[in-house]
1. Which FRET efficiency value, to the nearest 0.05, do you get for Ala236 and Arg273 by plugging their Cβ-Cβ distance into 1/(1 + (r/R0)^6) with R0 = 25 Å?
2. So how much slack lies between Glu65 and Arg281, counting 0.36 nm per residue of separation and subtracting their Cα-Cα distance, in nm?
3. Would you mind getting me the FRET efficiency between Arg73 and Leu215? Use the beta-carbon distance for r and R0 = 35 Å, nearest 0.05.
4. Grab the Cα-Cα distance for Glu117 and Asp35, subtract it from 0.36 nm times how many residues apart they are, and report the gain in nm with one decimal.
5. Rounded to the nearest 0.05, what FRET efficiency is calculated for Ser97 and Ser9 with R0 set to 30 Å and r the Cβ-Cβ distance?
6. When only DSSP loop residues count, what trypsin sites (Lys or Arg not before Pro) in the stretch 220-304 have their Cβ near at most 15 other Cβ atoms within 10 Å?
7. Averaged per residue, what accessible area in Å² does the stretch 1-49 show with a 1.4 Å probe, protein chains only?
8. Would you work out what percent of the accessible area of the stretch 129-180, with all protein chains in place, is carbon or sulfur (probe 1.4 Å)?
Amino acid sequence: GAFRGLRASPAFIVDVVIFGYDLDVLELRLHELDDVVDLWFVVEMPWNHRGARKPLLWKEAAHTERFKEFRDRVVSVVVDRLPPGMKQNHGPVAIGSFDYEVLQMIHGVAKVSCILEDLRKQGVLEAGNVMMCYGDADEIPHPENVHLLRHCVPKKLPINNAIWMPMGLMMRACATDFPVIGLPYSLAFPVFHDAFRLKEIQRRNLGAAHDPSRLHLLGGWHLTNYIYPPYYLLKAIGCAECSGALNRGAVKRLAYKIDEWVKRALYPPWWNRTRFASLERLREVEPYKSHPHVLDPPRLMQSTGSAMKSGMARSTSGCMCRCDRSV
C-alpha cells in the first residue's frame, strides 16, 4: 500500500487546479471534492496555451451565484508575467509546444507555495501536515484517494493517481500515453505531494510529473474531450497540441449537422479504436474487479439524471451537447 498508518491529526488538503476555459468541469471538480478538500487554488493565465490572449474566466465566474457556496474556499492565482526571453505570441506557436502550459504549472504552483508559506509563518498552517493535489482542471482524483491522503501517513511522496480517461463516452476507457505501470487504461495524474516540499519536485519540472514508477492510488477521472460545442471550439484554437485554427468543415458540421459533428468528436477518424476498452471488460480484470466503483462516473453526473453534467455521454445514442444545469 501507499500508506503506513493513521495520522495523529487529519492533514489540511489543498487542491491546485490548472485552469483554462472549462467552468463546467471545474464546477464538477469542486462538488466532487467538496467533502475532502479544505482550500482550492485556481491558477489561470491571460494567455491560452498557444500564446494568444484570453479572458480570466475564473476571476469573473467566482463572484456569480453558480459558485457562491465555494467562494470562501477558492483562491484565484493569476500567472500574468512572462519570463525573460519569452514574448507574448502574436501568431500561432508551433503545434506541440508546451511552453505556456509549463509556465502556468511552474509559476502557478510557485505562487501557491508563497501563499502557503505566509500562512505557515502566521501559524495558520503546520509544516508537514499540509498535503497538495495539483493537476489540470479535468484531471480529478477520486475523493476516496484524497480522504486517504488526509487521514493516513504516506510511505513516500509524491503519489500519483491512476485515473481513467473516457474521452467523451462514460462507457469506455482509453489507453493513455502516461499510464501507471501495469495499468494501460490509466493516467498517472494528478499528483499528491507535501505542500512544503514542492521545491524538490519543481527542480525536476512539475510539467513532467507523469512518473509511472511512483506509488499510486486507483481511481479518478480525466474528463478531456468534453464535447460541449463552445468549449470544444475554444480548445481547438487554444490547446498546445491543437492547430490554433478552426476547420471550416468542422464548423459547418456543427452548424448544420450536429449529430454528425458529435459522432466525429467522439470517434475522430485519426484515433486508433484498439486503444479503447469497455468498462464491462475492465470490471472483469484486476484491480478494477476488486474496486469496480472507481469506474463509476463522478457523483454529480450520477445525480443530475441527465447523460452527463459536463457534456460527456453514457452512450453514443444518449449523447448530450449540453446537460441539465441544476445541481
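The values are calculated or read from the model by the stated rules, or taken from the named source; none is laboratory data. If you're wondering where the values come from, they're calculated on a predicted model, not measured in any experiment. Here the Cβ positions follow ideal geometry from the backbone for every residue, glycine too, while neighbour counts run over all protein chains shown. For the accessible areas, the whole protein counts, side chains as well, though only heavy atoms, and no ligand, DNA or RNA atoms are used. Shrake-Rupley method; radii C 1.70, N 1.55, O 1.52, S 1.80 Å.
1. Result of the calculation: an efficiency of 0.70.
2. 73.6 nm
3. Working: r = 28 Å, r/R0 = 0.80.
For R0 = 35 Å, the calculated efficiency reads 0.80.
4. Length gained, Glu117 through Asp35: 27.1 nm.
5. Computed FRET efficiency for Ser97 and Ser9: 0.10.
6. Lys257, Arg283, Lys289
7. Per-residue accessible area for the stretch 1-49 comes out at 28 Å².
8. Looking at the stretch 129-180 in its full context, I get 61 percent from C and S.
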